[in-house]
Structure formats: C-alpha cells, structure tokens
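This report refers to the structure that appears directly beneath it.
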Amino acid sequence: MQVEAVVFDVGRVLYQWRLAQLFEKIVDDPVRLQTLLDDVVTEEWHFQHDRGKPLSEMVPERIAQFPDFEPEIRAYAARFNETIPGPVPGSHALVDRLDRRGVPLFAITNFGHEFWAGFRPTAPIFDTFRDIVVSGTEKLAKPDAAIFDLAETRFGYPAEAMLFIDDSHANIEGAANCGWQVHHFVDAPRLEADLERRGLI
C-alpha cells in the first residue's frame, strides 16, 4: 500500500541522545562516571519515566538507593536536555523534504512527560508535525501494541498506510506486528534511499 503518512521516533532518529553527555561535564573521576552510567543513572532506570513514572518518585527512590550519587541523580532530573547533543545528522533535512512534499508527519516517542515538556520548546522541527504521541504522557510505551493502536486512532490513518521509522528492532517489530509499514533507522542516507524508493521525497 502507498504510504500516506510518515511517523518518526525522536531519540536517535531525529535527535541524538547520550546520558553520558551530561555526566562527562560534571564527573571528573572516570571510575565514578562508569559506575554512575552502569549502575545508577541507567537507560533501564530512566525508562520508568518514559513509561509514566514521575520524577518526584524516581529521584528520591534512587537517592535512597545510591546516596553517594545524589548530586548526579539530581542533575539528571534538572539538566536532562544536556543529554541531547543535537540533531541526528541528515534527519532534519529529510523531515523538511517530506514536509515540502505535503506528506503528513507524526511522531511516537518514548519520552518522559516532564522531560518532553522541557525539550519540546527547544525543537521547532516539530512545529510541522500534526500530532506526537509521548509515552510518558500516555503511560504507554513502545514496543507495546497499545501505543501503536492509540497512535493509529489519533493520527487518523490506517496502520498499513503509515511508515514508522525507529532505531530499535523491538519497536520496529512491535509496529510491524500491528500492521504498520516500517523502516529500521540506521542513518539518514539509508532512510533517504528508502523514502525515495517509496516515492515520498
């Protein structure tokens, strides 16, 4: 079926994301930094916020568990935007080309509600997106089928008429299982080739 709308993931597709980007600024000891990233402020722990757990619960719980790392845990909550170095090279140009062609643009992102509120105003690229499903707001997260079903309802297109772009194999499989067309994102040149092949740009 011809693609009628394109749906992007945000982290590592449109914007880079590295927890270490923040902590390399504030932790001088390489051993402490590695322990922090391996055991304390991990992507797995962070994912609780993506699923809807508020920072007001997560941060005190983690400080109680790792009191020696209180400054870094508080920095995670207060300075999250510093974990986002900038756009993924080439991706924003593709969004612009799709938009100029009149292709409806949407997004589904695993992103904490509070962090999204702080990040979204810094990202004008989303001004052209018709709707964005944010996991932390909906308390649903990829790759669960429920978030794709919600997005299909919100976006107003049948799943099979939408192309979903994500860097995660699990998320791509979740979307495909719900009937979406999919592109596993590796880099912008490969995405560009796929979009050209589909006649979208």
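Applying 1/(1 + (r/R0)^6) with r as the Cβ-Cβ distance of R101 and R79 and R0 = 35 angstrom yields a FRET efficiency of 0.40.
State in Å² the accessible area per residue of the range 141-201; use a 1.4 Å probe, count heavy atoms of protein chains only, and round to the nearest integer.
Per-residue accessible area for the range 141-201 comes out at 43 Å².
Residue separation of T153 and D39 scaled by 0.36 nm, minus their Cα-Cα distance, works out to 37.2 nm of gained length. Here the accessible area is traced with a 1.4 Å probe on the protein chains. For the range 34-187, carbon and sulfur cover 51 percent of it. Note on A64 and A93: the model spin-label points, each 7 Å out from Cα along the C-beta direction, lie 5.1 nm apart. Axis of helix 188-197 versus longest Cα principal axis of the chain: the two differ by about 20°, to the nearest ten degrees.
Between the beta carbons of Q2 and R120, assuming R0 = 22 Å, the FRET efficiency works out to 0.10 to the nearest 0.05. The slack between K25 and E160, meaning 0.36 nm per residue of separation minus the straight C-alpha distance, is 44.2 nm.
The values are calculated or read from the model by the stated rules, or taken from the named source; none is laboratory data. Values in this document were obtained by computation on a predicted structure and should not be read as measured data. Note that we place each Cβ from the backbone using ideal geometry, even for glycine, and neighbour counts take in every protein chain shown. Surface accessibility is based on the protein's heavy atoms, side chains included, excluding ligands, DNA and RNA. Shrake-Rupley method; radii C 1.70, N 1.55, O 1.52, S 1.80 Å.
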